[in-house]
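One structure is given here, and the rest of the page talks about it.
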Amino acid sequence: MASRFPTSVRNPARRALLALALPLLAGSAFAQAQAWPTKPITIIVPFPAGGPTDTATRIIGQKMSLGLKQPVLIDNRSGASGIIGAAAAAKAAPDGYTLVMLATPTLLAGHLYGPTSYDIFKNFTPVGTTYDLPIVMVVNPKALPEVTGLQQLIAKAKEQGGKFNYTTAGTGSFGHLTTESLKTVGHFDMQHVPYRGSAPAVTDLIGGQVPMMFSDLIAVLPHIKSGTLRAIAVGSSKRVSLLPDVKTVAEQGFPGFDATSWGGMLAPAGTPKEVIARLNAELKKALADKEVQEKLEGVGTFAAFQTPEQMATRMRQDYERWGKVIRDNNITNK
């Protein structure tokens, strides 16, 4: 029977040379990975400058640059809940020099906008989670002076027979999805009044045009502190340190309820494992830094590190959970 090995490999002298060369090739690949990075790294933020994702990314990126010994640059490419920025990142070379900051809206964009030019699971490799962005239910205390807790709000909504209005940063926003999820488990109804962004929604909430909102903490924290808005519940499973007296939804009659928006770093699929491991290690160190944690908390976010494997699991779980909420409530941005 003819040998399946090429003649060059059957030759003893050539086999010996090959055996010597393989460790050298492996060592060369290892050396290349060790040398990375040799130039600046760009993190695409698929949202406008000044927002929670952008602000958190800049804080984290600045700290990571010290460990990587290379500048970390921020490239804002906003639009369509992050689809535009994510599409650009998906086309980037998988060499570790272009990353994208994933936020919950971008994870769920395929449910809301229909098929995208990329697959969020197939075209990207998780690097690690970066921050949690708590969501908080607030009311206008002048419009609803008697509402100081979630059950009082639900009772008010039931009294009005579905005519009670609430606002959010927009159709398909995390505040919208969280409120619809709460309506389902709480067996009450409210009418959604969507705005184009948190700022105009909060402005009209303060002005009394709408009485209630489920908002990310960053957008409403200054108004809670000033007393122009009253926080009555947080969506996360645990209380938020910035609002220690505000009970969770779970504590107010809905055990197990947990709604937290979050961010995480992604690299284009095919990025070398050694590079992903280095990025994850530097991310872990950055998020463990007390100064970074304080800066993140100062803008209403919280350091929340997870490994690539843990992030992949979280992505899938949230994609399926909130996708069901979107389908059950016929929510779309198409």
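Just a few scattered comments:
- Note on ASP328: accessible area is roughly 100 Å² with a 1.4 Å probe, heavy atoms of protein only.
- Average accessible area per residue (Å²) across the chain - probe 1.4 Å, nucleic acids and ligands excluded: 48
- Taking amide H as placed 1.01 Å from N in the peptide plane, PHE124 has its amide H under 5 Å from the amide H of ALA269, each at least 5 places away in sequence or on another chain.
- Working note: Karplus 6.51/-1.76/1.60 with θ = phi - 60° gives the range 82-90 the couplings x, 4, 4, x, 5, 5, 5, 5, 5 Hz, where Gly and Pro are set to x.
- Mean Cα-pair separation over length for the range 167-295, i.e. relative contact order, pairs under 8 Å, 6 or more apart, %: 17
- Rule-of-thumb Rg ratio for the chain [Cα; 2.2 N^0.38 Å; N residues]: 1.20
- Distance between the C-alpha centres of the range 125-198 and the range 213-228: 13 Å, rounded to the whole angstrom.
- Over 14 Å [Cα-Cα, the range 182-233], rounded percent: 55
- Segments 206-212, 56-62, 300-306, 160-166 sorted - mean Cβ within 10 Å per residue, highest first: 56-62, 300-306, 206-212, 160-166
- Protein heavy-atom surface of the chain, 1.4 angstrom probe: 55% of the accessible area is carbon and sulfur, with nucleic acids and ligands not counted.
- Under Karplus coefficients 6.51, -1.76 and 1.60, residue-wise ³J(HN,Hα) of the range 246-262 in Hz, glycine/proline x: 8, 6, 6, 4, 4, 6, 10, x, 9, x, x, 5, 8, 9, 9, 7, 8
- Cα-based helix-to-principal-axis angle, 174-186 vs the chain, degrees rounded to 10: 60
- Anisotropy class assigned to the range 226-331 is oblate, per the alpha carbon gyration tensor with a/c at or over the 1.5 cut-off and a/b no larger than b/c.
- Partners of LYS158 within straight-line reach, counting aspartates and glutamates whose Cα lies under 17 Å from its Cα and excluding those fewer than 8 residues away in the same chain: GLU146, GLU180, ASP189.
- The range 71-170 shape via C-alpha gyration tensor axes, a/c threshold 1.5: prolate
- Among residues other than PHE257 with Cβ under 14 Å from its Cβ, the summed charge is +2 (Lys and Arg +1, Asp and Glu -1).
- Working note: Debye formula, equal point scatterers on the alpha-carbon atoms of the range 233-279, no solvent; log10 I(q)/I(0) at q = 0.13, 0.18 Å⁻¹ is -0.50, -0.60.
- The Cα trace of the range 106-263 gives Rg and Dmax of 15.9, 50 Å, the first to one decimal, the second as a whole number.
- Proximal lysines relative to LYS39, as straight alpha-carbon distance under 18 Å, when same-chain residues fewer than 8 apart are discounted: LYS63, LYS69
- Rounded to the nearest 10 degrees, the inclination of helix 273-288 to the longest alpha-carbon principal axis of the chain is 40 degrees.
- Cut-off under 5 Å, modelled amide H: who pairs with VAL193 long-range: TYR166, THR167, THR168
- Helix 52-68 axis, angle to the chain major axis (alpha carbon atoms, nearest 10°): 30
- Sum of -39500 (n - 2.57) over DSSP H runs of 4+, divided by residues of the chain (222 nm, nearest 500): -14000 deg cm²/dmol
- Taking other residues whose beta carbon is less than 12 angstrom from the beta carbon of ILE84, and scoring Lys, Arg as +1 and Asp, Glu as -1, yields +1.
- Legend: calculated FRET efficiency, ARG239 to LYS39, from the Cβ-Cβ distance at R0 = 56 Å, rounded to 0.05, equals 0.80.
- For the range 194-334, the number of Lys pairs with C-alpha atoms closer than 29 Å, counting only pairs eight or more positions apart or on separate chains, is 19.
The values are calculated or read from the model by the stated rules, or taken from the named source; none is laboratory data. From a predicted model like this one, the values you see are computed outputs, not experimental measurements. Methodologically, a virtual Cβ is constructed for each residue, glycine included, from the backbone with ideal geometry; neighbour enumeration extends over all protein chains shown. In case anyone asks, the SASA skips ligands and DNA or RNA and just uses the protein heavy atoms, side chains included. Shrake-Rupley method; radii C 1.70, N 1.55, O 1.52, S 1.80 Å.
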